[in-house]
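What follows draws every value from the coordinates through simple rules; no lab data is involved. Everything numeric here is computed off the predicted structure, so don't read it as measured data. Here the Cβ positions follow ideal geometry from the backbone for every residue, glycine too, while neighbour counts run over all protein chains shown.
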Amino acid sequence: MVKLAIIAFLAFIVYNLGVGCWYMLTDKGSSTRAVKALTWRIGLSILLVALLGLGIVTGVVTPHGVTP
């Protein structure tokens with residue numbers, strides 16, 4: 001279940017990256033949609049790293065190759 005949530009987060013991050021790229025190419029600087037999409041991407045990336053760190057600390061996520 002945890003792996004599925006991580007994959008969903010990564011898919012949504014990649015989606016926001018694509019949306020931001022699309023807005024940059026089509027809007028030609030006339031709106032702030034690209035900035036908002038890329039801000040969402042950065043925020044989700046930070047949230048994912050924080051949740052992974054919390055999961056490692058609490059023991060929900062076990063990193064490979066790390067001995068306790």
| Roughly how tilted is helix 2-27, in degrees to the nearest 10 and between 0 and 90, from the longest Cα axis of the chain? | 20
| Helix 33-58: angle to the longest alpha-carbon principal axis of the chain, degrees 0 to 90, nearest 10? | 0
| said: Can you compute the label reach from Val49? Point 7 Å from Cα along the Cβ direction, backbone N cut-off under 15 Å, restricted to the range 12-34. | reply: none
